[in-house]
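Notes for the one structure printed next.
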Amino acid sequence: MRKLIQKIGLGEYLLVVMFGLVLLISRFTGWSLGLGAGKNFWSFFSEMIAFLPLMFILIGLVDVWVPNNKIEKHIGPGSGIMGTFWIVLLAMLQAGPLYGAFPVAYLLSKKGCSIKNVFIYLGAFSTLKIPMLAFEIGFLGFKFSLLRTLFTLPVFIGIGYIMEWYFKDREFTIDLPAYGKL
């Protein structure tokens, strides 16, 4: 079976092909679990198709227009507490799903952002975006949002410092996946 899969060329795509087959079979048999998975998949896929091209265009523009020395000066290894402030502000002002933060984190790392600030950015992006805070305040109240922010932000900053310490004497690089480039 393994040789047949390799001969056909489906080795690395086998899981995707199997998922597609399950969706197709579910469509014809009316299997509710498969139909629900297909509906969720298409919803998520259409969101990604609408969001990612614009995100990659913006990342490309920032890559070309913003010089590396500006990134290094403001959020690089020697930026200190002001670098943390700027990276949290950047994360708060952005909108979009979490998978949109990873290309930005890669770009920041490539342009000279410190490891600490890359991890702080990812944590702050996941919890402190202004649109998300507005919904949270509306549903759970200002006091809850303030307390959650006061507890989570120091945790993410602490994680950033721990990761910087952990990778200090190691050669840490963020590599592109083997199947493509940003």
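Any read-out appearing in this document is the output of simple, stated calculations on the displayed coordinates, not a laboratory observation. Treat the numbers as computed from the prediction; the structure is a model and nothing was measured. Cβ coordinates were reconstructed from backbone atoms using ideal geometry, including for glycine residues, and neighbour counts include every protein chain displayed.
Between helix 14-29 and the chain, what is the angle of the helix's C-alpha long axis to the longest principal axis, kept within 0 to 90° and rounded to the nearest 10?
For 14-29 against the chain, the angle is about 60 degrees.
Please compute the modelled spin-label separation between Met82 and Lys70, points set 7 Å along Cα→Cβ, answer in nm with one decimal.
1.6 nm
In nanometres, what is the gap between the two model label sites at Phe144 and Leu15, each 7 Å from Cα along Cα-to-Cβ?
Each label point is offset 7 Å from its Cα along the Cβ direction, giving 3.5 nm.
Within the chain, how many Lys pairs that are eight or more residues apart, or on different chains, come under 20 Å at the alpha-carbon?
Lysine pairs, 8 or more places apart or on different chains, close enough: 14.
Roughly how tilted is helix 80-93, in degrees to the nearest 10 and between 0 and 90, from the longest Cα axis of the chain?
In the chain, helix 80-93 runs at an angle near 40 degrees to the longest axis.
Report ³J(HN,Hα) in whole Hz for each residue of region 145-162, in order, from the Karplus equation J = 6.51 cos²θ - 1.76 cosθ + 1.60 where θ = phi - 60°; Gly and Pro get x.
Once rounded to whole Hz, the list reads 4, 5, 5, 4, 5, 5, 8, 7, 4, x, 5, 5, 5, x, 4, x, 5, 5.
With no solvent and one point per C-alpha, what does the Debye sum give as log10 I(q)/I(0) for the chain at q = 0.15, 0.17 Å⁻¹?
-1.01, -1.12
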